[in-house]
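The structure under discussion appears below in the form of structure tokens.
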Amino acid sequence: MDAERVTAQVLATKKYAMMDVDAVRRVCRDACARHAKTKDAVKAAKTALHGMNAAFVGDGAHQAAARVLAAAGPGLLRDKAAALGLLRLHASSAERIAYLDEVCTLIADCLGQGRTLLDLGCGFQPFALPWYPRLPDAYVAVDMHRQTVALLNDYFARIGRPAYRALVCDLGADIPAFTGDCALLFKLLPLLERQRKGGAMRLFSRLRVPRALVSFQLKSLGGRQKGMLTHYAAWFERELPAGARIIRRAVVGDELFYGVEKALPLNPENPD
Ligand SMILES: C[S@@+](CC[C@H](N)C(=O)[O-])C[C@H]1O[C@@H](n2cnc3c(N)ncnc32)[C@H](O)[C@@H]1O
């Protein structure tokens, strides 16, 4: 089956049109390997892409965020009301609003005296800057959704931070290693593992960062607790690569956090 034809059909659907083309192509190739009929492969690819991104960001969320940014005044960096309006538009950051102060303190602790914060699979989390006790000198936010990335770059320009930037990238592919002082991987690893077995720790191993803050969601989107704490804690602690050491574990609100110290990979292109 022609994976390019499946990719074109998926990208032609409005809901998936703004997703990173490489990520869509990868998911479509996987779907073609599992399904004989084009119709079934398209359906399977759409389901996978929904779980990767669309499940968290409702229709019209990006347009609503653009309106919030356009209406914001010069004090946007400290404007918590505008930031709340933005954070509510992505399910992952919306769930975190009740305990944002604690989470931003965990981030500051993890960054320590470091300069550069990486935020991988960032969603709308970078809009939480007004709660940071200390701002990083540089911020690299990465996501597979092109509109999310465009909004974040608009936000970074409006708050006057030239060393902050957002990038479109498929973190499920074998991408070049990211470098920084602290990496945030909030609610991302289970999604990567679902996309490709071993994909979560493959990304984690390749990161050229001394520290990382990893989180797991303890409630499903439907709101039900399903033994997620035990499950994710066992998985993460078992799969953590050699050279990585857990220095902190905390449950804050509906999220499980791990602070990790990490040895830098000798050869990040081939961490195995
Ligand atoms: C569960 S949300 C978490 C968002 C944010 N980290 C937070 O906790 O608020 C997962 C995010 O990861 C992104 N994502 C999922 N798979 C990805 C991939 N393969 N490459 C890049 N981003 C991905 C999605 O677009 C989505 O914004």
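Taking helices (runs of 4 or more DSSP H) that fall entirely within the stretch 131-217, which contain at least 2 residues that are within 13 Å of the ligand (Cβ to nearest atom) and touching a strand residue (DSSP E or B) at 6+ places or on another chain (Cβ under 6 Å)? Full working, then the answer.
On the way: elements: 146-158, 189-195, 199-206.
Counting at least 2 such residues, we get 146-158.
Quick grid of which residues meet (1) modelled with pLDDT of 95 or more; (2) assigned to a helix (DSSP H, G or I); (3) among the β-branched types (Val, Ile, Thr):
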site: LEU84; (1), (2), (3): yes, yes, no
site: ASP101; (1), (2), (3): yes, yes, no
site: ILE107; (1), (2), (3): yes, yes, yes
site: GLN113; (1), (2), (3): no, no, no
site: CYS122; (1), (2), (3): yes, no, no
site: PHE127; (1), (2), (3): yes, yes, no
Check: Taking the condition out of contact with any Ser or Thr (no Cβ under 6 Å at 6 or more places or on another chain), assigned by TED's automatic domain parsing to the domain that holds VAL251 and in contact (Cβ under 8 Å) with a residue 60 or more places away in the chain, does CYS122 pass?
Finding: yes
Next item on the list: Give me the pairs, please: first residue somewhere in the stretch 245-272 and at positive phi and in a loop (DSSP other than H, G, I, E, B), second residue anywhere and modelled with pLDDT of 95 or more and aromatic (Phe, Trp, Tyr), beta-carbon distance under 7 Å, and either six or more positions apart or on two chains.
Entry: GLY253/TYR99
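For residues that are assigned to a loop (DSSP other than H, G, I, E, B) and in contact (Cβ under 8 Å) with a residue 60 or more places away in the chain, scanning just the stretch 1-43, find the one that is farthest from LEU167 (Cα to Cα).
Filtering the stretch 1-43 for residues assigned to a loop (DSSP other than H, G, I, E, B) gives 1-2, 12-13, 18, 20, 35-37.
Then drop every residue that is not in contact (Cβ under 8 Å) with a residue 60 or more places away in the chain, which leaves 18, 20.
Working: MET18: 14, ASP20: 10 Å.
Result: MET18.
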Check: Which one is surrounded by the most Cβ atoms within 10 Å (Cβ to Cβ), of the residues in the stretch 1-46 that are within 14 Å of the ligand (Cβ to nearest atom) and closer than 14 Å to ARG194 by Cβ?
Finding: VAL27
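The values are calculated or read from the model by the stated rules, or taken from the named source; none is laboratory data. All figures in this text were calculated on a predicted structure; none of them were measured in a lab. As a convention, Cβ positions derive from the backbone with ideal geometry for all residues, glycine included, and neighbour counts pool all protein chains shown.
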